Amino acid sequence: MRRNPAPIPLDDFDAAIAHGTSSSGSPPAWAAIARDNIPVDYRSQSASLAGRRQLASGPAIGRDNIQLDYRAVAGSEAAWQDLFDPDTRLLLGLDGGLAQEESHAASPWTSPLGGDASPQPPPLDPTQPPPKRIDLRNTPHATIASLPEHDIRGLAVACRLLPQGAQAGTEKVVHALREQLKRVDFDVFSEYDRMHVLNMPQDALLRTALSSSDRDWLARVAEKTHMTIRQEQIEVPGRDAPLHRIGIYFDGLPDDAPQQSGTTLKGGVGQVYRAACEAAVMIARALADRDGVEVSPICGLSLGGGSAQMFAATLQAHAPHLPPPALTLLDPMLLSRAQMAHAVKDAPHAYDFKQPRGIAISLDYAAAPRKSLMDRLHGVGLSAAGLVRLRLGLTDQDGLNGTRPKPYGPPGTGYHANRHHYDKALQRFLGPDAPARR
């Protein structure tokens, strides 16, 4: 497989980013930077594409009267449909013939009724880098424990639970992964609470660490980015004082989402990403003299996945004394070089985007496969360096009332934005003997 040259170091990134497309209609110059060329193996769709209608604007885009899965917040369907402006849809190949989703015809494949047999793990090479991608589309009942040992440890390294090359019992590694992933709260992606920052509990760490004016400012930034903050105190054996855990979430529909998505895909930073970095700087300053604090999880869906990456980089670059934050991203927007550079601009410490920094989860259904947003973004040259791409499979019963799942999100991005699909797929991945997720 052809590989492009190594990514350009950030300190060599002095040239201006070319926006939009060239006069010839080809992808812009920035699209060639850090292309990974990871192939996506989908069934041939050419026969079914010929007779399908062209896309138009509005909430019925490409849906063919598909019934939505589970509960949906009023207006969210139309908001997801219109997430990308016309220029962005053209850049991602979401307009015209290329925009049609893959075939709706079901394949002969059906979901297995039980779990998959655990493969025999290959001998572990501690010097081998973590996997770039783990694809479980065709094995939706696969669990963490059923993965090859190299993949298990690769996920642990990406989640910053295990230093690369370190040795630990596989059962302990699986347990640590389960404990971390079960903490992700998908309920924050149902409806954004614009008052939650101002209404922090009296004993919340950030309420005591921030002045009233700083909390007001943080509330405005959080509203701009649709950032949700979750705070709790954890009793840890052997510690005299409780551990303060701060979870950060960014949903996929922040203010001015279509404008932000167009800006980011053309290489620009945009107001939402700038606000995410500003929030990280404020929180880093508030926690500068604090011990026993962990910022985890940092999670983002879709466009919020880009905000989460910006936040995590800025936070670590300004607060290196905190445990390195690991990302749990749901089919996220990927970052350009300019956006990475902005996240660490004027920071007192470095942040290496190429080092393991989290996992990026996407969903697919083998009976009706679709390309995800990350697949589309790789097609225009954006890179998921530092992230392990974990594609989880959906089953025949993951849709509404035990029916087959339906695509949800911007047309052409497949099973992109339904939080209930992620919840079901991740609960299966944790395993039948894992504690129920929150």
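The values are calculated or read from the model by the stated rules, or taken from the named source; none is laboratory data. Here the structure is a predicted model, which means the values were calculated and not measured. These accessible areas exclude ligands, DNA and RNA; they are computed on the full protein's heavy atoms, side chains included. Shrake-Rupley method; radii C 1.70, N 1.55, O 1.52, S 1.80 Å.
At 1.4 Å probe size, with the rest of the protein present, what percent of the exposed accessible area of the stretch 214-297 is carbon and sulfur atoms? Write out the running numbers ahead of the final one.
On the way: 1450 of 3420 Å².
About 42 percent, which is the carbon plus sulfur part of the accessible surface.
With θ taken as phi - 60° and the coefficients 6.51, -1.76 and 1.60, list the Karplus ³J(HN,Hα) couplings across the stretch 268-278 in order, rounded to whole Hz; mark glycine and proline as x.
Working through the residues one at a time gives x, 8, x, 5, 5, 5, 4, 5, 4, 5, 5 Hz.
Of the listed pairs 182/424; 132/224; 132/354; 266/345; 371/406, which have alpha-carbon separations greater than 23 Å here? Write out the running numbers ahead of the final one.
Values: 182/424 12 Å; 132/224 32 Å; 132/354 11 Å; 266/345 20 Å; 371/406 13 Å.
In this structure, 132/224 lie more than 23 Å apart at Cα.
Just by accessible area at a 1.4 angstrom probe, what is the order of 278, 191 from largest to smallest? Before the final figure, lay out each step's value.
On the way: 278 90, 191 135 Å².
Ranked list, largest accessible area first: 191, 278.
Calculate one ³J(HN,Hα) per residue across the stretch 186-195 by plugging θ = phi - 60° into the Karplus curve 6.51 cos²θ - 1.76 cosθ + 1.60, and present them in order as whole Hz with x for glycine and proline.
6, 5, 5, 8, 8, 8, 6, 9, 6, 10
Can you list the residues, at least 5 places off or on another chain, whose amide H is less than 5 Å from the amide H of residue 295, using H built in the peptide plane?
246
Taking only protein heavy atoms and a 1.4 Å probe, what accessible area per residue, in Å², does the stretch 245-354 have with all protein chains in place? Mind dumping the intermediate values first?
Details: 3120 Å² over 110 residues.
About 28 Å² of surface per residue is accessible.
Residue-wise, which Karplus ³J(HN,Hα) couplings in Hz belong to the stretch 348-356, taking 6.51 cos²θ - 1.76 cosθ + 1.60, θ = phi - 60°, and x for glycine or proline?
x, 10, 8, 9, 9, 5, 7, 7, x
I'd like the accessible area for residue 186, computed on protein heavy atoms only with a 1.4 Å probe and all protein chains in place. Round to 10 Å², please.
Per-residue accessible area (residue 186): approximately 10 Å².
Roughly speaking, to the nearest percent, how much of the stretch 162-205's 1.4 Å accessible area is carbon and sulfur? Numbers along the way, then the final one.
On the way: 1190 of 2410 Å².
Carbon with sulfur: 49 percent of the solvent-accessible area.
Might you tell me the accessible area per residue for the stretch 160-222, computed with a 1.4 Å probe and given in Å²? Can you show the working numbers first?
Numbers: 3330 Å² over 63 residues.
Solvent-accessible surface per residue comes out at 53 Å².
Can you give me the solvent accessible area of residue 80 with a 1.4 Å probe, rounded to the nearest 10 Å²?
Roughly 10 Å² of residue 80 is accessible to a 1.4 Å probe.
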